[in-house]
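Okay, structure first, notes after.
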Amino acid sequence: MTDRAKIITIYVVVAILSAGVLGASFWLRNMRKERFTPDFDNVGGDTAEDYGSLEKDLTLLNQKGEHVKLSELKGKVWVVNNFFASCPNCQVTASDDLKELYDEFGSNPDFHLVSITINPEVDDLQSYADAMGAKEQNWWFLRGEVSEVYEYLEKEMGFLKVTKNEPPASELFSHDRALLVFDGWKCVKKRDLQFARTQGEVVHKAYFKDVRGSILKSLAARNLKSP
């Protein structure tokens with residue numbers, strides 16, 4: 001091989017290796033972006049298998065203005081979401097999905113619903129609870145100090161970060177619209193029924209069935225453990 005051919009070969013090899021490195025770099029960057037950039041329209045479409053467990057407690061005020069601790073629910077199966085009262089999507093979730101779960105399981109002393117406002121200075125929780133027919137004994141509408149609540153929702157419960165939008169955004173907040181199902185202190189299911197609605201009624205029914213099935217499974221397990 002002549003010197004000229006050797007030089008050309010070296011340049012070709014270097015070019016191929018550089019293209020490979022650049023390609024891998026772009027792929028990793030895109031993967032990282034997909035993983036860490038919240039997609040508020042599609043959150044809930046894919047969910048992890050390991051949902052984790054709570055480690056810290058949180059004290060909040062319910063719709064009656066009473067202090068309650070989430071640790072009071074360690075002996076129950078409970079569903080939690082975060083919302084703001086002026087959000088039409090949150091209203092649909094409350095009046096349809098959560099209300100249906102409440103009507104079915106609300107009489108079970110081992111079941112509880114929790115709705116945490118992300119707009120505590122504005123939301124009238126008692127009026128919202130009254131509209132849902134919710135009793136403070138088994139459906140809490142909760143408020144707390146904003147930064148503490150936001151941090152707990154994101155870092156402890158695993159919801160996406162709450163972001164306050166600026167005009168001309170159509171919604172006041174971008175937030176994780178999923179429902180979490182907890183069996184005691186362990187999260188056993190995460191499903192976004194609002195996202196499911198955008199995919200059609202078949203998908204919504206499948207997501208709701210998944211949430212309901214998790215509740216039934218956890219309640220049944222508790223009954224089996226009872227003396």
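May I ask you to list the residues in segment 192-203 that are surrounded by fewer than 21 Cβ atoms within 10 Å (Cβ to Cβ) and either under 16 Å from the mean Cα position of the chain (by Cα) or within 17 Å of PHE84 (Cα to Cα) (or both)?
ARG197
Over 18 Å from the mean Cα position of the chain (by Cα), in a loop (DSSP other than H, G, I, E, B), modelled with pLDDT of 95 or more and surrounded by 17 or more Cβ atoms within 10 Å (Cβ to Cβ): is that true of ALA129 in this structure? Full working, then the answer.
Details: over 18 Å from the mean Cα position of the chain (by Cα): yes; in a loop (DSSP other than H, G, I, E, B): no; modelled with pLDDT of 95 or more: yes; surrounded by 17 or more Cβ atoms within 10 Å (Cβ to Cβ): yes.
Here the answer is no, as ALA129 does not meet what is asked.
Could you count how many residues in segment 147-171 are touching a residue at least 12 places away in the same chain (Cβ under 8 Å) and either among the acidic types (Asp, Glu) or over 23 Å from PHE182 (Cα atoms) (or both)?
4
Conditions (1) closer than 20 Å to LYS76 by Cα; (2) in contact with an Asp or Glu (Cβ under 9 Å, 6 or more places away or on another chain), marked per residue:
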residue	(1), (2)
ILE118	no, no
LEU125	no, no
PHE141	yes, yes
GLY144	no, no
PHE159	no, yes
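Answer yes or no as to whether PHE208 is surrounded by fewer than 22 Cβ atoms within 10 Å (Cβ to Cβ), more than 29 Å from ARG222 (Cα to Cα) and touching a residue at least 12 places away in the same chain (Cβ under 8 Å).
So PHE208 fails the test.
Can you name the condition, by its number, that SER107 falls short on among (1) assigned to a loop (DSSP other than H, G, I, E, B); (2) modelled with pLDDT of 95 or more; (3) closer than 22 Å to TYR152 by Cβ?
Against the list (1) assigned to a loop (DSSP other than H, G, I, E, B); (2) modelled with pLDDT of 95 or more; (3) closer than 22 Å to TYR152 by Cβ, SER107 comes up short only on (3).
Go over the candidates TRP140, TRP185 one by one and state the one that is crowded, with 16+ Cβ neighbours inside 10 Å and under 18 Å from the mean Cα position of the chain (by Cα).
Testing whether each residue is crowded, with 16+ Cβ neighbours inside 10 Å and under 18 Å from the mean Cα position of the chain (by Cα) leaves just TRP140.
In this structure, is ALA178 of a type in the set (Gly, Ala, Ser), closer than 15 Å to CYS87 by Cα, in contact (Cβ under 8 Å) with a residue 60 or more places away in the chain and surrounded by 19 or more Cβ atoms within 10 Å (Cβ to Cβ)? Explain how you work it out, then say what you get.
On the way: of a type in the set (Gly, Ala, Ser): yes; closer than 15 Å to CYS87 by Cα: yes; in contact (Cβ under 8 Å) with a residue 60 or more places away in the chain: yes; surrounded by 19 or more Cβ atoms within 10 Å (Cβ to Cβ): yes.
Yes; evaluated as a whole, the condition is true for this residue.
For segment 143-170, which positions are more than 18 Å from the chain's Cα centre (by Cα) and either surrounded by 19 or more Cβ atoms within 10 Å (Cβ to Cβ) or modelled with pLDDT under 95 (or both)?
ASN165, GLU166, PRO167, PRO168, ALA169, SER170 - these are the residues of segment 143-170 that are more than 18 Å from the chain's Cα centre (by Cα) and either surrounded by 19 or more Cβ atoms within 10 Å (Cβ to Cβ) or modelled with pLDDT under 95 (or both).
Being in a loop (DSSP other than H, G, I, E, B), in contact with a Phe, Trp or Tyr (Cβ under 6 Å, 6 or more places away or on another chain) and of a type in the set (S, T, N, Q) is the filter; apply it to segment 52-104 and report the residue that is farthest from LEU125 (Cα to Cα).
It comes out as ASN62.
Got a sec? Which of LYS69, LYS76, LYS99 is loosely packed, with under 14 Cβ neighbours inside 10 Å and either over 22 Å from LYS189 (Cβ atoms) or modelled with pLDDT of 95 or more (or both)?
Values: LYS76 fails: loosely packed, with under 14 Cβ neighbours inside 10 Å; LYS99 fails: loosely packed, with under 14 Cβ neighbours inside 10 Å.
Among LYS69, LYS76, LYS99, only LYS69 is loosely packed, with under 14 Cβ neighbours inside 10 Å and either over 22 Å from LYS189 (Cβ atoms) or modelled with pLDDT of 95 or more (or both).
Scan segment 135-169 for residues that are of a type in the set (A, V, I, L, M) and either farther than 21 Å from ARG191 by Cβ or assigned to a loop (DSSP other than H, G, I, E, B) (or both) and jot them down.
To start, the set of residues in segment 135-169 that are of a type in the set (A, V, I, L, M) comprises 142, 146, 149, 153, 157, 160, 162, 169.
VAL146, VAL149, MET157, LEU160, VAL162, ALA169 - these are the residues of segment 135-169 that are of a type in the set (A, V, I, L, M) and either farther than 21 Å from ARG191 by Cβ or assigned to a loop (DSSP other than H, G, I, E, B) (or both).
The values are calculated or read from the model by the stated rules, or taken from the named source; none is laboratory data. Because the structure is a prediction, the values reported are computed rather than measured. Cβ: placed from backbone, ideal geometry, glycine included. Neighbour counts: every protein chain shown.
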